[in-house]
Amino acid sequence: MPSVTKRIKYMKQSVQLKGLGDNQFEEAIKAAGMVCDHFSSEFAEGRLERWADQYVGQEENLLSLANRIFTPVNELGKKERHIPLPKELDPYSVAEKIVQKGFVTTDDNFVQYTRGVTEARGNSRVR
């Protein structure tokens, strides 16, 4: 059985979005790939996962997004720092024990969930 430290390195949270054949979704996937290609030269080899279109069936695109829950201390950027998880997410301080094994949580490890709302008058806002 692999050690806890080796398994922690690969812990992720992810979401998959299906376009259900929508042309705008197809274009959005192509644009996301172009953005990834553009910025890939800014990262050291192996630091940015290669963009890959994923298909389900013949006609439906699937966009998979994921991020690591922990960052190895030796991969922290100069301005990154450890941010403890809120008690609501880590009530028993399990994540803080992982910090002692050389892994931390940073701003990049947190996912911010928002929702766009269009009101009856046509005003849009984010919640």
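Read the figures in this text as sums done on the coordinates, not as results from a lab. A quick note: this is a predicted structure, and the numbers were derived from the prediction, not measured.
Things worth noting here:
- Close amide H contacts of V104 (hydrogens built in the peptide plane, cut-off under 5 Å, sequence separation of 5 or more or a different chain): T71, V73.
- Per-residue ³J(HN,Hα) for segment 31-37, Karplus 6.51 cos²θ - 1.76 cosθ + 1.60, θ = phi - 60°, Hz, x for Gly and Pro: 5, 4, x, 5, 5, 4, 4
- Above-threshold pairs, the threshold being 29 Å between Cα atoms, out of K12/K87; K18/K79; K18/K87; K12/K97: K18/K79; K18/K87
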